[in-house]
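Asks: Let me begin by handing over the structure; questions about it come next.
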Amino acid sequence: MVEAQVKTELVPRRRKLEYVVEVMDVKKYYKLGKVIVKALDGVSFNVKRSEYVSIMGPSGSGKTTLFNMIGGLDRPTAGKIYIEGVDIAMLDAYELAWLRANTIGYIFQTFNLIPVLTALENVMLPMIFVGKPYDEAVEKAKKLLELVGLGRFIHHKPGELSGGQQQRVAAARALANDPAIILADEPTGNLDLVTGLKLINLLKKINTEQKVTVVTATHDLKMVDVSDRIIWIRDGRIEKIEMRRDIEAEVREE
Amino acid sequence: MGKSEEKTVLPFGEAIYMVLHSIRLRLGRILVVIIAITASIAYMVSLDLLSRILASSIPPNGVGIYLFLLDLTAFIVAAAGTMNSLLIMIAERYHEIGTMKSFGARDIHIFELLMIEALILTIIGGFLGYLIGLGIGYGLGGSGDPVFLLGKAIGVAVLIGLISASYPSYQAARMSPVEALRVEV
């Protein structure tokens, strides 16, 4: 009896979750010689399911560090991060790889497609890692590439695609295993104004149609228009959190 | 934990496909790895074929040691050259490695991919080196058992591949995704 009780407590929390991401007093310190750099100094916030949240701040504010930690790509010095109710610091290498493959879809500033693989194969990669049968993976990848408007480019290699197209392949890849969250780090950073705007609209479309939670780290102000909430980071701390409806109200008042 | 089935995988066929693809499309960049092996194996094979001629001018009891030292030189030069070019080849792919890891690849998958690639390259180099060494050796009037030499050439090439690829592959495989993605080459 006692043993059974202990066991249920050890199982990661799997209650019906309101929050997909919970960040609790997260700190990240780096030692640079004798100086301790506080990249993040006590950051807390939650992200609701199907919410579109942008983390904004100047470069060096700690937003990429925060982003990496939400994605399980880096570990905090102190504090906790829960993804789908699971404390990611408690995961071993196997579970972390499984989380990265299934729960999170990443989009990077530099696209990071595998150059020797075609668009289709790039989108298939995360599905191969979770052991999805080959034919199913092909079908799913084709559908996703159509969703991002690249149905005609499935056999193109990244080098044969424009930056905007590559980032759309990356968006399709991020969706491969139906993740709960898409994490996009400066997704428009290497795109011009028009293609950047197209990508932002694509992310919003994915967010509303597929009910995927989107978290972006960015300093692209175009992102404000589609975000439900904007978390402003400065010097490793949250400066303010704005709801979009408040911003819109402000604009109307002016 | 009851979580053992929740494990990311890389089927062997898929790994081979990715490696062959990578070799085919990056042949220019990785030719240097093949050349390092080819030259050393050619050197070794031709010396073996010419051993009787070389031995005629050396005191009989020193022949074995002399040939061993020549082989050793070929081995060390090949291993050093191959490791160096593999280090560069793998460093150029840190971004790719970081990307794969952020989509579920585990350390062992990265290690496997890099080792398979290195072994294929060294076997190709070993075979080419064998052919060239045979040509030089016979051309200069040497003699020997070509079948034995083929085995030796491939065996030494594989050994060099294993030794020189394991360190850079291991180092790359255990990088965290962030580290791998942050590296600027």
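Here, each number is a calculation from the coordinates, and none is a lab measurement. The model shown is predicted, which means the values in this text are computed figures rather than measured ones. Every residue, glycine as well, gets a Cβ built from its backbone with ideal geometry; the counts of neighbours run over all protein chains shown.
Asks: Starting from residues that are of a type outside the set (A, V, I, L, M) and surrounded by fewer than 22 Cβ atoms within 10 Å (Cβ to Cβ), keep the ones in region B:110-134 and report whichever is nearest to A:Leu96 (Cα to Cα).
Replies: Per the criteria, the residue is B:Phe111.
Asks: Would you mind telling me which numbered condition in (1) surrounded by 16 or more Cβ atoms within 10 Å (Cβ to Cβ); (2) within 14 Å of another protein chain (Cβ to nearest Cβ); (3) of a type in the set (Gly, Ala, Ser) B:Ala78 fails?
Replies: Of everything listed in (1) surrounded by 16 or more Cβ atoms within 10 Å (Cβ to Cβ); (2) within 14 Å of another protein chain (Cβ to nearest Cβ); (3) of a type in the set (Gly, Ala, Ser), B:Ala78 misses just condition (2).
Asks: Another question, if that's okay. Residues that are hydroxyl-bearing (Ser, Thr, Tyr): find the strands (runs of 3 or more DSSP E) completely inside region A:49-166 holding 2 or more of those.
Replies: Ranges flagged: A:52-56.
Asks: Tell me, which strands (runs of 3 or more DSSP E) wholly within region A:175-254 include 3 or more residues that are surrounded by fewer than 16 Cβ atoms within 10 Å (Cβ to Cβ)?
Replies: A:237-243
Asks: Just name the residue that is nearest to B:Met100 (Cα to Cα) out of those in region A:64-85 that are touching a Pro at 6+ places or on another chain (Cβ under 7 Å) and more than 9 Å from chain B (Cβ to nearest Cβ).
Replies: So the residue we want is A:Met69.
Asks: Filter region A:26-50 down to the residues that are in contact with a Leu (Cβ under 7 Å, 6 or more places away or on another chain) and over 30 Å from A:Lys205 (Cβ atoms), then identify the one that is surrounded by the fewest Cβ atoms within 10 Å (Cβ to Cβ).
Replies: Among those that are in contact with a Leu (Cβ under 7 Å, 6 or more places away or on another chain) and over 30 Å from A:Lys205 (Cβ atoms), it is A:Lys27.
Asks: Could you list, in sequence order, all residues of region A:35-53 that are under 11 Å from A:Glu22 (Cα atoms) and touching a helix residue (DSSP H, G or I) at 6+ places or on another chain (Cβ under 7 Å)?
Replies: A:Val43
Asks: Sticking with this structure for a sec: For A:Tyr106, state whether it is within 8 Å of another protein chain (Cβ to nearest Cβ), within 28 Å of B:Ser22 (Cβ to Cβ) and in contact (Cβ under 8 Å) with a residue 60 or more places away in the chain.
Replies: When the stated conditions are applied, A:Tyr106 passes them.
Asks: Name the residues in region A:23-40 that are in a strand (DSSP E or B) and either farther than 21 Å from A:Arg229 by Cβ or within 17 Å of the chain's Cα centre (by Cα) (or both), would you?
Replies: Answer for region A:23-40, where residues must be in a strand (DSSP E or B) and either farther than 21 Å from A:Arg229 by Cβ or within 17 Å of the chain's Cα centre (by Cα) (or both): A:Val23, A:Lys27, A:Lys28, A:Tyr29, A:Tyr30, A:Lys31, A:Leu32, A:Val35, A:Ile36, A:Val37, A:Lys38, A:Ala39.
Asks: While we're looking at this one, here's another question. If I ask for residues that are without any contact (Cβ under 8 Å) to a residue 60 or more places away in the chain and of a type in the set (Ser, Thr, Tyr), which ones from region B:30-76 would you list?
Replies: Within region B:30-76, B:Ser56, B:Ser57, B:Tyr66, B:Thr73 meet the criteria.
Asks: Looking at region B:90-102, is at least one residue farther than 15 Å from B:Ser169 by Cα and within 14 Å of chain A (Cβ to nearest Cβ)?
Replies: Checked against the condition, which is being farther than 15 Å from B:Ser169 by Cα and within 14 Å of chain A (Cβ to nearest Cβ), region B:90-102 yields at least one hit.
Asks: Do you know which residues across region A:109-137 are of a type in the set (A, V, I, L, M, F, W, C), more than 20 Å from B:Tyr94 (Cβ to Cβ) and facing chain B (nearest Cβ under 7 Å)?
Replies: Residues satisfying the conditions are A:Ile128, A:Val130.
Asks: Now a separate question. Inside region B:13-30, can you point out the residues that are more than 12 Å from chain A (Cβ to nearest Cβ) and either basic (Lys, Arg) or over 18 Å from B:Leu162 (Cα atoms) (or both)?
Replies: Correct list: B:Gly28 only.
Asks: While we're here: Here is a list: B:Phe127, B:Phe111. Which entry is more than 30 Å from A:Gly72 (Cα to Cα), under 22 Å from the mean Cα position of the chain (by Cα) and aromatic (Phe, Trp, Tyr)?
Replies: Just a single option satisfies the conditions, and that option is B:Phe127.
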